[in-house]
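Asker: Following this message is one structure expressed as structure tokens.
The values are calculated or read from the model by the stated rules, or taken from the named source; none is laboratory data. On a predicted model such as this, the values are computed, not experimentally measured, just so you know. Please note: Cβ atoms are built from the backbone with ideal geometry, for glycine as well, and neighbour counts cover all protein chains shown. Only protein heavy atoms, including side chains, enter the accessible area calculation; ligands, DNA and RNA are left aside. Shrake-Rupley method; radii C 1.70, N 1.55, O 1.52, S 1.80 Å.
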Amino acid sequence: MKVSFITTSSLATNPRLVKEVIVAQDNFDEVEVVCFHLGNWSDHFDSKVSMLFKKHVNVISISAVRKPLVPWFVTSVTEKGASVLYPYFKNSKLIAAIASNKRSLLLLYFIKKYRLLKGARLIVSHNLGALYPACYYSEKYKIPFAFDVEDFHPGERIEKDVVNEKNRRESLMKLLLRKAAVTTAASPLISEEVRRLCGIQISTIRNSFYSSEFKLSALQQEGPVKCVWFSQNISFGRGLEIFIDALDEFKSSVELTLIGNVDINFAKQYLEGRNYIKVLQPLEQTELHKALSGYDVGLALEVSIADLNRDLAESNKIYAYKQSGLFIIATDTKAQEYFMRQFPDLGSLCRQSVDGLSKCLRSVVQNISDIRASKERRFHAAKSVAFEKEALKLRQLWLSAINPKENEKNNYSITTFSSI
């Protein structure tokens with residue numbers, strides 16, 4: 001039995017998809033992954049990620065850069081043309097999809113050219129640009145498709161053609177998710193927003209990781225409080241600005257390590273001259289997760305005003321911190337407030353201000369001995385949210401889509417979203 005994944009991202013930039021591929025390889029005879037290589041830092045890690053896959057996983061990587069030139073040029077021109085036409089053809093799902101993301105057209109083209117997805121019993125799609133191609137080939141080949149709403153796409157920050165792009169994203173989700181056999185989301189609040197927008201049944205799959213990826217480090221007894229924050233890019237708009245301003249008061253008692261690609265302008269404005277801040281290059285996921293337990297505090301610094309999605313999302317980093325046993329400082333977005341209410345002993349919820357973060361840091365510095373002493377307890381307690389449990393839910397959802405009658409006969413229990 002074959003399952004095919006399609007995405008507009010690369011392997012290294014989509015850990016959620018990678019986890020799902022690992023679930024699939026343990027439950028299906030053949031797994032196909034159609035993704036992109038982006039021509040940036042992530043290309044180096046893509047091959048390392050693919051080493052996690054078994055031999056029956058076939059990865060097909062499409063170029064998102066200018067080589068080969070013809071597909072890139074044609075899709076770029078088509079994207080601009082679709083953007084111009086969209087206000088006059090708002091009911092065209094194809095025009096909306098291409099205007100929103102030219103990689104939708106690349107997926108359509110390469111899937112047809114190389115006869116991908118053939119023989120699959122299920123298509124699993126990630127990222128909004130993959131939604132239309134998944135729906136199109138689902139209808140063409142008469143096989144069910146699933147879609148994962150990792151972010152609430154209409155609520156993400158949009159840089160250009162804002163009104164039209166927001167409308168395109170909403171209309172694509174409203175029209176196409178109703179045709180999906182399975183829709184999953186990465187947080188309860190994203191599930192609620194999608195249910196409200198689209199009127200569909202949806203399942204929440206936590207953004208956690210396999211417990212085997214984490215290792216408890218030897219407990220640190222003395223020295224400055226070691227804080228850590230990681231992302232693909234270290235830049236503006238992620239809450240780091242207000243935390244660094246708050247951190248200046250504690251520069252003799254707190255160290256901050258940032259892991260990721262640093263924006264030059266951000267470095268000049270916020271990092272130069274601050275010797276208590278260290279920057280590390282991006283780490284491959286398994287290396288990162290093994291390293292995290294060497295710190296005391298994980299920073300979940302989402303900012304509500306950045307965009308609606310930031311307010312609704314439970315990032316993968318908050319689970320990585322939890323599963324590493326770290327004490328968490330989390331800003332009070334709606335999603336993180338909901339998360340921290342479930343685990344009140346996990347850390348501190350702070351207002352999104354210099355004053356709010358200063359109060360959290362002061363409390364951490366004063367109580368660091370107790371925080372360090374309870375790391376082992378936090379580490380073992382985190383096994384309750386490990387992705388092993390989410391994998392079972394995914395497996396049941398996929399099997400129900402492939403063969404709903406068989407699953408009804410076997411009384412599979414499908415966990416679906418219910419209002420908060």
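Asker: My understanding is that a pair violates if its Cα-Cα distance is over 23 Å; which of LYS67/LYS102; LYS278/LYS317; LYS48/LYS113; LYS67/LYS140; LYS93/LYS166; LYS48/LYS80 do that in this structure?
Answerer: Those over the limit are LYS48/LYS113; LYS67/LYS140; LYS48/LYS80.
Asker: Using the Cβ atoms and a cut-off under 11 Å, what net charge is assigned to the surroundings of ASP148, where Lys and Arg are +1 and Asp and Glu are -1?
Answerer: Charge balance in the 11 Å sphere: -1.
Asker: Ranked from highest to lowest mean number of other Cβ atoms within 10 Å per residue, what is the order of the peptides 147-153, 9-15?
Answerer: Highest to lowest by the protection proxy: 147-153, 9-15.
Asker: Moving on. Using a Gaussian network model on the chain with a 10 Å cutoff between Cα atoms, which of VAL74, VAL303, VAL228 fluctuates the most?
Answerer: VAL74
Asker: Of THR13, ALA180, PHE339, whose Cα points farthest to the positive end of the dipole of the chain (charges on the beta-carbon: +1 Lys, Arg; -1 Asp, Glu; origin at the Cα centre)?
Answerer: Checked the options; the winner is ALA180.
Asker: Okay, next question. Would you grab the residues whose amide H sits under 5 Å from the one on GLY347? Only those 5+ places off in sequence or on another chain, please, with H modelled 1.01 Å from N.
Answerer: ILE328
Asker: Give me the Kirkwood hydrodynamic radius of segment 1-71, using the inverse of the mean 1/r over all pairs of distinct Cα atoms, in Å to one decimal.
Answerer: 12.4 Å
Asker: Quick one: Cα centre-to-centre distance for segment 312-337 and segment 173-203, in angstrom?
Answerer: Their Cα centres are 23 Å away from one another.
Asker: Please report the base-10 log of the normalised intensity I(q)/I(0) for segment 252-361, using a Debye sum with one equal scatterer per alpha carbon and no solvent, at each q in 0.10, 0.14, 0.18 (1/Å).
Answerer: -0.31, -0.62, -1.06
Asker: Here's a follow-up. Where does the Debye-calculated log10 I(q)/I(0) of the chain sit at q = 0.09, 0.11, 0.14 Å⁻¹, using only Cα point scatterers of equal weight, no solvent?
Answerer: -0.58, -0.86, -1.35
Asker: With only alpha-carbon atoms in the gyration tensor, what are the semi-axes of the equivalent ellipsoid for segment 118-191, in Å, largest first?
Answerer: 23, 14, 9
Asker: I'd like the per residue volume of the convex hull spanned by the Cα atoms of segment 105-233, given in cubic angstrom.
Answerer: Here the figure is 184 Å³ per residue.
Asker: Averaged over all directions, how much area does the convex hull of the C-alpha atoms of segment 201-280 cover when projected, in nm²?
Answerer: 8.1 nm²
Asker: Still on this model: Can you tell me the alpha carbon radius of gyration of segment 31-115 divided by the globular rule-of-thumb value 2.2 N^0.38 Å?
Answerer: Dividing the Cα Rg of segment 31-115 by 2.2 N^0.38 Å gives 1.28.
Asker: As a test of reading the structure, rank TRP398, TRP41 by solvent-accessible area (1.4 Å probe, protein chains only), most first.
Answerer: TRP41, TRP398
Asker: Mind ordering 53-62, 286-295, 374-383 by average Cβ neighbours within 10 Å, highest first?
Answerer: Listed from highest to lowest mean packing, they are 286-295, 374-383, 53-62.
Asker: Which log10 I(q)/I(0) values, to two decimals, does segment 31-173 give at q = 0.15, 0.17 Å⁻¹ under the Debye formula with one point per Cα?
Answerer: Each listed q maps to, in turn, -0.84, -1.07.
Asker: Follow-up. Cysteines of the chain lacking any other cysteine beta carbon under 4.7 Å?
Answerer: CYS35, CYS135, CYS198, CYS227
Asker: Compute the accessible area per residue over the chain, keeping the other protein chains in place, probe 1.4 Å, unit Å².
Answerer: 44 Å²
Asker: Just report the Cα centroid separation between segment 338-354 and segment 224-281, whole Å.
Answerer: When both Cα centres are located, 20 Å separates them.
Asker: With runs of 4+ DSSP H residues as the only contributors, calculate the mean residue ellipticity of the chain at 222 nm using -39,500 (n - 2.57) per run, divided by the residue total and rounded to the nearest 500.
Answerer: Helix-only estimate at 222 nm: -12500 deg cm²/dmol.
Asker: Which one, LEU308, LEU17, LEU175, has the greatest fluctuation when you compute a Gaussian network model over the chain with C-alpha springs under 10 angstrom?
Answerer: The residue that fluctuates most here is LEU175.
Asker: When the solvent-accessible surface of protein heavy atoms is calculated with a 1.4 angstrom probe, in what order do GLU213, GLU337 fall, highest first?
Answerer: From most exposed to least exposed: GLU337, GLU213.
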